[in-house]
Ligand SMILES: C[S@@+](CC[C@H](N)C(=O)[O-])C[C@H]1O[C@@H](n2cnc3c(N)ncnc32)[C@H](O)[C@@H]1O
């Protein structure tokens, strides 16, 4: 789907997204375990980018669990950027796209992409993996989380709004392959089935460049 559609949808829902999803309470121990492994792998005193930071809830989580980190956020929705700046004043948050990140080469020790590749079809993952590799220092870490599966799902209503949005499911195999084609080594991945009211299975990939 086009960047304009994604941007417009998240601009529309930004305030309600921030209100309805203020923290990581919706994440299962499975996902939070992947974040904990990422924090351990990266170590202290790192500069870390939350790529597709949305309204900033993972920035606040990372600030709590890794207080020595210097945090940056980027998101293509200016509405989400405004919400993230409000809840994460300790972070530098700017507008930008995952496939054209507004940062210098090797600027970061690690990048988190938490449910931000979910509006990118599989054939767009390679460009994003290339940008993640470019902004990471050699040996840097990435953690991506996403809904697992194949195909696309149209979203016409979410967070109390009528929307025109498409979500693309990915697998750890396709995400891992995109990363490895760009020079990353996958260090861990995992998939769990849907639980509670979830429609989809959830997955993560941890990798190092
Ligand atoms: C489902 S939200 C997740 C936000 C946040 N990571 C969280 O977990 O709450 C997806 C976010 O990714 C952003 N996004 C999607 N595709 C993007 C892209 N290609 N470049 C930058 N941001 C993108 C959207 O604007 C939105 O804020």
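Within segment 137-151, being part of a strand (DSSP E or B) and surrounded by 13 or more Cβ atoms within 10 Å (Cβ to Cβ) holds for 137, 140, 141, 142, 143, 144, 145, 146, 147, 148. For the condition more than 23 Å from residue 8 (Cβ to Cβ) and surrounded by 16 or more Cβ atoms within 10 Å (Cβ to Cβ), residue 163 does not qualify.
Given the condition modelled with pLDDT of 95 or more, on the phi > 0 side of the Ramachandran plot and surrounded by fewer than 19 Cβ atoms within 10 Å (Cβ to Cβ), answer yes or no: does some residue in segment 98-120 qualify?
yes
Filtered by the rule that a residue be within 11 Å of the ligand (Cβ to nearest atom), over 14 Å from the mean Cα position of the chain (by Cα) and within 25 Å of residue 181 (Cβ to Cβ), segment 68-120 gives 100, 102.
Scanning for something touching a helix residue (DSSP H, G or I) at 6+ places or on another chain (Cβ under 7 Å), surrounded by 21 or more Cβ atoms within 10 Å (Cβ to Cβ), under 20 Å from residue 15 (Cβ atoms) and in contact (Cβ under 8 Å) with a residue 24 or more places away in the chain, does segment 37-53 turn up at least one residue? So far as segment 37-53 goes, yes, one or more of its residues are touching a helix residue (DSSP H, G or I) at 6+ places or on another chain (Cβ under 7 Å), surrounded by 21 or more Cβ atoms within 10 Å (Cβ to Cβ), under 20 Å from residue 15 (Cβ atoms) and in contact (Cβ under 8 Å) with a residue 24 or more places away in the chain.
Look at (1) in contact with a helix residue (DSSP H, G or I) (Cβ under 7 Å, 6 or more places away or on another chain); (2) free of Cβ contacts under 8 Å to residues at least 40 places away in the same chain; (3) surrounded by 21 or more Cβ atoms within 10 Å (Cβ to Cβ) and you find that residue 81 fails only one, number (1).
Within segment 15-53, the residues that satisfy the criterion of being within 13 Å of the ligand (Cβ to nearest atom), part of a helix (DSSP H, G or I) and under 16 Å from the mean Cα position of the chain (by Cα) are 17, 18, 31, 32, 34, 35.
Scanning segment 156-173 for residues that are in a strand (DSSP E or B) and over 19 Å from the mean Cα position of the chain (by Cα) yields 156, 157, 161, 162, 163, 164. When 58, 125 are screened for being in contact (Cβ under 8 Å) with a residue 12 or more places away in the chain, within 8 Å of the ligand (Cβ to nearest atom) and assigned to a helix (DSSP H, G or I), only 58 passes.
Touching a residue at least 40 places away in the same chain (Cβ under 8 Å) and either part of a helix (DSSP H, G or I) or in contact with a strand residue (DSSP E or B) (Cβ under 8 Å, 6 or more places away or on another chain) (or both), is that true of residue 106? No, not satisfied.
The values are calculated or read from the model by the stated rules, or taken from the named source; none is laboratory data. Remember, it's a predicted structure, so these values are computed and weren't measured experimentally. When we count neighbours, we look across all protein chains shown, and the Cβ atoms used for this are built from the backbone with ideal geometry, even at glycine.
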